[in-house]
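> Here you go, one structure.
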Amino acid sequence: MRCIGEIVEETKKKFNDLDISYNVYETRFKEDIPGIDSDIFISSGGPGSPFDGKGKKWEKDYFNLIEKIYSHNQTNTDKKKYIFFICHSFQMMARFFEFGKVNKRNSKSIGVMPFEKTESGKTNIILEQLPNPFYAADIREYQVTNPNKKVINDMRANILSYEILDDNAVGESAIAAVRISNEIVGTQFHPEADPESMLYHFNRPDEKKQIIDSYGEEKYNRMLEILQEPNAVKLTRKTVIPNFLNKAIDELNKVLN
């Protein structure tokens, strides 16, 4: 949340001639759901299972918000609503739109991981400035696999990226980024992750042990190197959500003017 807040504040400074304000909502634990009056939404990551909310009021209200945003964009040709989903929210997004199967991974993913862009991802605003493959923070126990081609084609959506599996991993690569429309986008990874804070966490004894136990000491050391490379996590942090926000604000500003 701190990282997302910093990105929003940086965006406000860039568009200092516009009156930009934001609110933070505690959706799951306080059942605090925003209304449809905002122009741009960012739905944050976990922790937790994307199925924990089944039958609960917050999940019903959350899905209702997504439905309102999606329906608004279907019926309004001018001023659209924009929303970006991250990690846990990406899995919730997949459950709502049913573009893939949400399931538990064989083992938890934790660390800095590589991702590959699809052809659509290479030209999409949120990923086009990143190398291929690119690196991002990835911390999750769940995944979205088995893309439903009919649903994706019917919505005119695009898969933008897939995870790159280790050589010894089993199963298919999980979906890592999806564009439902020009206004509705999500990533399984954490594009907001700050390399400095990740370095702090990776050096904690419990985090270090978990990563080494999962991937080995060589890969752990490589993750530390990647965190300090300018064209890896740092570039993802500077590119993905900022580009989404810049595009959304530019489009909304055109309508207002």
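> Got a sec? Which of Phe115, Phe85, Phe99 is over 14 Å from Phe51 (Cβ atoms), assigned to a loop (DSSP other than H, G, I, E, B) and out of contact with any Leu (no Cβ under 8 Å at 6 or more places or on another chain)?
That would be Phe99, the only listed residue that is over 14 Å from Phe51 (Cβ atoms), assigned to a loop (DSSP other than H, G, I, E, B) and out of contact with any Leu (no Cβ under 8 Å at 6 or more places or on another chain).
> Could you list all residues from the stretch 125-140 that are modelled with pLDDT of 95 or more and surrounded by 20 or more Cβ atoms within 10 Å (Cβ to Cβ)?
The first filter runs over the stretch 125-140 and keeps only residues modelled with pLDDT of 95 or more, leaving 125-136.
Across the stretch 125-140, the qualifying residues are Ile126, Leu127, Leu130, Phe134, Tyr135, Ala136.
> Okay, moving on. Of these, Glu67, Glu31, Glu6, which one is acidic (Asp, Glu), surrounded by fewer than 20 Cβ atoms within 10 Å (Cβ to Cβ), more than 18 Å from the chain's Cα centre (by Cα) and closer than 24 Å to Ala177 by Cα? If you could, list the steps in order and put the result at the bottom.
Working: Glu31 fails: closer than 24 Å to Ala177 by Cα; Glu6 fails: more than 18 Å from the chain's Cα centre (by Cα).
Glu67 is the lone residue from the list that is acidic (Asp, Glu), surrounded by fewer than 20 Cβ atoms within 10 Å (Cβ to Cβ), more than 18 Å from the chain's Cα centre (by Cα) and closer than 24 Å to Ala177 by Cα.
> Next question, about the same structure. Give the residue that is surrounded by the fewest Cβ atoms within 10 Å (Cβ to Cβ), with candidates limited to residues of the stretch 141-173 that are part of a strand (DSSP E or B) and touching a Leu at 6+ places or on another chain (Cβ under 8 Å). It would help to see each step written out before you state the result.
From the stretch 141-173, those part of a strand (DSSP E or B) are 141-145, 158-163; that's our starting set.
This time we only want the ones that are touching a Leu at 6+ places or on another chain (Cβ under 8 Å), so: 160-161.
On the way: Leu160: 25, Ser161: 29.
So, considering only residues that are part of a strand (DSSP E or B) and touching a Leu at 6+ places or on another chain (Cβ under 8 Å), the one surrounded by the fewest Cβ atoms within 10 Å (Cβ to Cβ) is Leu160.
> Something else now. Could you grab me the full set of residues in the stretch 89-115 that are farther than 30 Å from Lys56 by Cβ and either of a type in the set (Lys, Arg) or more than 15 Å from the chain's Cα centre (by Cα) (or both)?
Gly111 - this is the single residue of the stretch 89-115 that is farther than 30 Å from Lys56 by Cβ and either of a type in the set (Lys, Arg) or more than 15 Å from the chain's Cα centre (by Cα) (or both).
> Let me ask something else about it. Quick check on Ile4: is it part of a helix (DSSP H, G or I), under 30 Å from Arg105 (Cα atoms) and β-branched (Val, Ile, Thr)?
Against the criterion (part of a helix (DSSP H, G or I), under 30 Å from Arg105 (Cα atoms) and β-branched (Val, Ile, Thr)), Ile4 qualifies.
> State yes or no: is Thr75 polar (S, T, N, Q) and in contact with a strand residue (DSSP E or B) (Cβ under 7 Å, 6 or more places away or on another chain)?
Against the criterion (polar (S, T, N, Q) and in contact with a strand residue (DSSP E or B) (Cβ under 7 Å, 6 or more places away or on another chain)), Thr75 does not qualify.
> Here is a check on your reading of the model: is Pro230 surrounded by fewer than 21 Cβ atoms within 10 Å (Cβ to Cβ) and within 20 Å of the chain's Cα centre (by Cα)?
Details: surrounded by fewer than 21 Cβ atoms within 10 Å (Cβ to Cβ): yes; within 20 Å of the chain's Cα centre (by Cα): no.
In short, no.
> Let me ask you something else. Can you say whether Glu251 is surrounded by fewer than 14 Cβ atoms within 10 Å (Cβ to Cβ), touching a strand residue (DSSP E or B) at 6+ places or on another chain (Cβ under 9 Å) and on the phi < 0 side of the Ramachandran plot, as far as the supplied structure shows?
No; evaluated as a whole, the condition is false for this residue.
> Go through the stretch 174-214 and report how many residues are in contact with a Gly (Cβ under 9 Å, 6 or more places away or on another chain) and either β-branched (Val, Ile, Thr) or part of a loop (DSSP other than H, G, I, E, B) (or both).
The total comes to 6.
> Checking the conditions here, which among Leu235, Leu224 is of a type outside the set (Val, Ile, Thr) and closer than 18 Å to Lys122 by Cβ?
Details: Leu224 fails: closer than 18 Å to Lys122 by Cβ.
The match here is Leu235.
> Can you name the residue in the stretch 174-223 that is aliphatic (A, V, I, L, M) and surrounded by fewer than 16 Cβ atoms within 10 Å (Cβ to Cβ) and is also modelled with the lowest pLDDT among such residues?
Once the filter is applied, the top-ranked residue is Leu199.
The values are calculated or read from the model by the stated rules, or taken from the named source; none is laboratory data. As the structure is a computational prediction, the values presented were derived from the model and not from experiment. When we count neighbours, we look across all protein chains shown, and the Cβ atoms used for this are built from the backbone with ideal geometry, even at glycine.
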